[in-house]
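The structure appears below as structure tokens.
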Amino acid sequence: MTSRLPRAAQRTAPASLPPHGLPGLDPSFSRLVPAAGRTWHVLDSGPTLDAAGIEPRGTILCVHGNPTWSFLWRSLVRAATEQALAGGTAWRVVAVDQLDMGFSERTGVERDLTLRVGDLADLTDALGLDGRVVTFGHDWGGVISLGWAVDHADQVDAVMLLNTAVHQPETSKIPAPLRLALGKGVLGRATVTTTAFLETTLALAHPALPTEVKEAYRAPYRGADRRGGIGAFVADIPVDETHPSEAERRRVAESIRTLDVPSLLLWGPRDPIFSDRYLDDLLARLVRPDVHRYEGAGHLVAEDVDFASAALTWLDDRFATEPAVAADSARPRPVGPQDAPADPSPSAPPPHRPLWAWLDERRDSDDTALVQMAGASPTVVSWRALSRRVSRLSAGLAASGVTKGDRVSLLVPPGADLTAVLYACLRIGAVVVVADSGLGVKGLTRAVRGAWPHHLIGALPGLTAARALGWPGKRISTEVLPAAAAKALGVDHSLPELASLGAARLQGLPVEPGADDEAAILFTSGSTGPAKGVSYTHAQLAAICGVLTETYGVGPGTGLVAGFAPFALLGPAIGARSVTPDMDVTSPKTLTARAVAEAAREVDATVLFLSPAALANVVATADDLDADERAALGTVTTFLSAGAPVSEGLLERASALLPGATAHTPYGMTEGLLLTDVTLDAIREAGDASSVGGVCVGTPVAGVRVRIAALDDSGHPALDLAETTDAGRTGEICVSAPHLFDHYDRLWSTDRAARRGALAGERWHRTGDVGHLDAAGRVFVEGRLPHVITTADGVVTPVGPEQRVELLAEVARAAVVGVGPAGTQQIVVVAETTTPTDRPALADADLAAEVRRIAGVPIAAVLVVAQLPTDVRHNSKIDRSALSSWAADVLAGGALVAPR
């Protein structure tokens, strides 16, 4: 194959050691290794471990990509060595500079993928790596490391990867930056003659790399004659079937399907080269993958985040209990969740009841199943019609290529279409991805790309956004679109077309999914950071239905009005007739009493569920109701408000509007939708919220256990959950229940942190909320863990002081935040006044004095704003972290602009 690179790429040069003084790189790890007539530069912690008399459990073999070098792995070499010297699990780390790269020998030969995989084998032979090995690759080094792994499968205990790829989908082009670099007349100039390719790569870090780190990456590539390997790597990208490296790439890509070892992928989604499509492909090929996507990180994920700690922690989880073994010993089975003892609970779970069971049982009923309020007049859907449509859509989706395990993103407004397609997907074993529009465009984009669905079903606004923002998935529209519009939006099918297709294929429905199969990925509100995908199995969703029925008596005969759309989707699963009021789901606080009354009338409502913000506006607009509308609300016997703390005063005003209903404010979250419950009467019995230091959310519902991981003086919760049920101790609220979620999607590290400290065989979740139990076992929520304030006098949680400040007539809502260094933070109150202020300002002297008098903690400053920033989904959760940063800036002399 004729070279497209300049002559400088063919020059040879011996290997050398890196210069001293490179940031974070200990020169004692550098060594030169001759192998098969070539000389490599590697970072190797082995001699250091030998000198300390430490026998490593195995070797982590790190392979960089293009245009980096072993400097990429410096933090892992350092961290693994420090861990071993401190008595922790010992791993030898060998980080190579590939030939023609870094400080290894310049061979003058354009090396293709087959040659590079063989080169790495020559090096490991020279190093004598004949024991246990964990490979770790990035970029093109990912493919090479996997090639070595499949060729040495008897030695490999695990594979770890940073952003990389092994397969280019036939339906998409290679990434634009690589197409540009491969362009005629561009390749040599961009990669060898100039530093353009190198500099472009270094610019992909988030945040930007420090100058000294950039200089370290540039160090081995000063001069065109040192950059031949960069150009050769780009030239070696297989762009079609005729490329010399295509056969080897295909061999590696297919062989890893049979590499039966655990794997870890640490991924930066802001990568213009290796996007989430390549992550999805790898997850489908690797046998036992764990993955963590670091929102905000990109191609140089090793620079953007502390990947070394994550990798070593994962290895400890997998292998820490195993003894070191000789090279010729049989490879032990990795330690994993399967090693935990069986659940000690003596009671067997009830038989699994599928979520669509009521649809099957009521397939011949003309009773109302759901009502859609949007439009000129309400649309009533019977159980017969809903069951028939779900069956037809199930068959149609299956016939169109939607298979068990496929992820299907639903960008459909609440109503009949969303309900039907959701149950159709569940019925055929597809995994529904639900990220509501309350997340906003940016949040939705993060969520959809993070889940990387195979299919996307949407109404016109959702499809338009998907096209404009490049959301993944084959597209299905809720309505038949004109041919030109369908083509422009990339739509393959419509729901009416699939229902017609399915009508003739009802006998060919796939086998029903099992209880432990994944059913849904539901996204959190994003109120305390990027929204997280929460995975539920069919059994766990069914358990949620069971606990709702047991706690509130909902089921057949219940008329359910759900002002929080995802809650309404459970209606058919519990046998209730359900309706979502005509509302803007991105702004629950705009829901009116009249809209709720109209919805209640349509289903003879007995149960009403609203977010606190929605409930507040319903109460505020109650005077607009006429006698008939008030009568419609009079059939409600139970109303619930959850999603954020609900004040006793708001519940009392709502009770006056719903005189026949018992007021409940359950506590839960996307990870566990119902954990505790409390009535208005029970709140009164628990005592004044301003005096007990938190909002009472009641006692655990059936099957739920609660423990408190006590906070230390620095605001960190205890790791041990064994003895944390003492009354009055403030800490992180930890819960266990059969209806808890299964795991966070593609967030291995977050999922691990949420489970830490649990007893073997028990499933616990650290909620991130802080609070305490009282002597009666009631749970009191005091705020969020990231919002705990650490003062010189100790830890302060925000909700208690906020509740006391909100007793003032001049204050509508308050947020208590910390400003300054941890351990010496000052407490600041940011108040939303009942008479809205024109612009942010320091509170007047009288209000500030009243706040200081009633708060119960020392207050450094009081600021007033027109509106506190809240989450979009609930319009209730105050973003105290953002307020803390804003207050710090204002008090330091920054501009008095509204907080966001």
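The values are calculated or read from the model by the stated rules, or taken from the named source; none is laboratory data. All values reported here derive from a predicted model rather than from experimental measurement. Cβ placement follows ideal geometry from the backbone for every residue including glycine, while neighbour counts extend to all protein chains displayed. These accessible areas exclude ligands, DNA and RNA; they are computed on the full protein's heavy atoms, side chains included. Shrake-Rupley method; radii C 1.70, N 1.55, O 1.52, S 1.80 Å.
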Notebook entry, point to check: So for the chain: antiparallel DSSP bridges make up what percent, rounded to the nearest 5?
Noted result: 50
Next item on the list: Quote the relative contact order of the stretch 664-753 in percent (integer), defining contacts as alpha-carbon pairs under 8 Å separated by 6+ residues.
Entry: 24
Item checked: Relative contact order of the chain, pairs being alpha-carbon contacts under 8 Å that are 6 or more residues apart, as % -> 7
Next item on the list: Provide Rg over Rh for the stretch 92-249; use the alpha carbon set for both Rg and the Kirkwood Rh (inverse mean inverse pair distance).
Entry: 0.96
Notebook entry, point to check: Taking Cα atoms, how many degrees apart are the long axis of helix 140-151 and the longest axis of the chain, rounded to 10 and kept between 0 and 90?
Noted result: 80
Item checked: Cross-link partners of Lys173 among lysines (Cα-Cα below 21 Å; sequence separation of 8 or more within a chain) -> Lys184, Lys474, Lys487
Next item on the list: Send over a whole-number figure in Å² for the accessible area per residue of the chain, probe 1.4 Å.
Entry: 39
Notebook entry, point to check: Cα gyration tensor of the stretch 201-313, axes a ≥ b ≥ c as square roots of the eigenvalues: rounded (a/c below 1.5), prolate (a/b > b/c) or oblate?
Noted result: oblate
Checklist line | FRET E, pair Ile174, Asp584, Förster distance 45 Å, beta-carbon r, rounded to 0.05 | finding: 0.60
Notebook entry, point to check: By the gyration tensor of its Cα atoms, with a ≥ b ≥ c the square roots of the eigenvalues, what is the shape of the stretch 622-757: rounded for a/c under 1.5, prolate for a/b over b/c, or oblate?
Noted result: prolate
Item checked: Using a Förster distance of 51 Å, the FRET efficiency for Leu891-Arg353 (Cβ separation, nearest 0.05) -> 0.35
Next item on the list: Return, ordered by residue number, the residues of the stretch 823-840 whose backbone nitrogen is under 15 Å from a label point located 7 Å along Cα→Cβ of Ala809.
Entry: 834-835
Next item on the list: Find how much the distance from Glu82 to Lys214 grows on full extension, using 0.36 nm per residue of separation minus their present alpha carbon separation; answer in nm with one decimal.
Entry: 45.0 nm
Check: What size of dipole, in debye to the nearest 20, comes out for the chain about its Cα centre when the only charges are +1 on Lys and Arg C-beta atoms and -1 on Asp and Glu C-beta atoms?
Finding: 2280
Check: With every protein chain left in place, what is the accessible area of Leu501 in Å² (1.4 Å probe, nearest 10)?
Finding: 60
Notebook entry, point to check: Cross-link partners among lysines for Lys877, C-alpha distance below 19 Å, same-chain residues fewer than 8 apart left out?
Noted result: Lys442, Lys532, Lys589
Notebook entry, point to check: If you line up the Cα atoms of the stretch 701-826 on their principal axes, what length do they span on each, largest first, in Å?
Noted result: 49, 33, 28
Checklist line | Pairwise centroid distance, computed over Cα atoms, of the stretch 745-789 with the stretch 204-281, Å | finding: 38
Notebook entry, point to check: What accessible surface, in Å², does a 1.4 Å probe find on Lys404, ignoring ligands, DNA and RNA and rounding to the nearest 10?
Noted result: 120
Item checked: Accessible surface of the chain [probe 1.4 Å, protein heavy atoms]: carbon and sulfur percent -> 52
Check: What is the spin-label model distance, in nm, from Asp316 to Asp360 if the labels are put 7 Å beyond Cα along the C-beta direction?
Finding: 4.7
Notebook entry, point to check: Which whole-number percentage describes the relative contact order of the stretch 766-895, with Cα contacts under 8 Å and a sequence gap of 6 or more?
Noted result: 20
Check: Using all Cα-Cα distances in the stretch 1-127, what percent lands in each 10 angstrom bin from 0 up to the longest?
Finding: 12, 42, 31, 11, 3, 0
Note to self: Could you sort the peptides 590-602, 4-16 by per-residue average Cβ neighbour count (10 Å cutoff), highest mean leading?
What the structure shows: 590-602, 4-16
Notebook entry, point to check: Any idea of Val150's accessible area? Nearest 10 Å², probe 1.4 Å.
Noted result: 30
Check: Taking the Cα atoms only, what angle lies between the long axis of helix 74-85 and the longest principal axis of the chain, rounded to 10 degrees?
Finding: 80
Check: Using the Cα gyration tensor of the stretch 67-149, with a ≥ b ≥ c the square roots of its eigenvalues, what is the shape: rounded (a/c below 1.5), prolate (a/b larger than b/c) or oblate (neither)?
Finding: prolate
Next item on the list: State the extension gain, in nm to one decimal, for the chain segment bounded by Ser714 and Ala13, taking 0.36 nm per residue of separation less the distance between their alpha-carbons.
Entry: 246.9 nm
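Where does the chain land on Rg(C-alpha)/(2.2 N^0.38 Å)?
Details: Rg = 29.9 Å, N = 900, 2.2 N^0.38 = 29.2 Å.
Working it through for the chain, the quotient is 1.03.
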Note to self: Per DSSP helix of 4 or more residues, -39500 (n - 2.57); summed, then divided by the residues of the chain. What does that give at 222 nm, rounded to the nearest 500?
What the structure shows: -9000 deg cm²/dmol
Notebook entry, point to check: Label 7 Å along Cα→Cβ of Asp846; the stretch 795-821 residues with amide nitrogen under 15 Å?
Noted result: 808-811
Next item on the list: Assuming R0 = 51 Å, can you tell me the calculated FRET efficiency for the pair Arg505 and Ala792, based on Cβ-Cβ distance, to the nearest 0.05?
Entry: 0.15
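Between Glu762 and Asp50, what length in nm is gained on full extension when 0.36 nm per residue of separation is reduced by their alpha carbon distance?
Taking 0.36 nm per residue and subtracting the Cα distance, the gain is 252.3 nm.
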Next item on the list: Would you please put 124-132, 159-167 in order of how densely packed they are, using the mean number of other Cβ atoms within 10 angstrom per residue and starting with the highest?
Entry: 159-167, 124-132
Item checked: the chain: angle of helix 246-255 to the longest principal axis, Cα-based, in degrees nearest 10 -> 50
Check: Put a dot 7 Å past each Cα toward the Cβ at Asp517 and Ala822; how far apart are the dots in nm?
Finding: 4.4
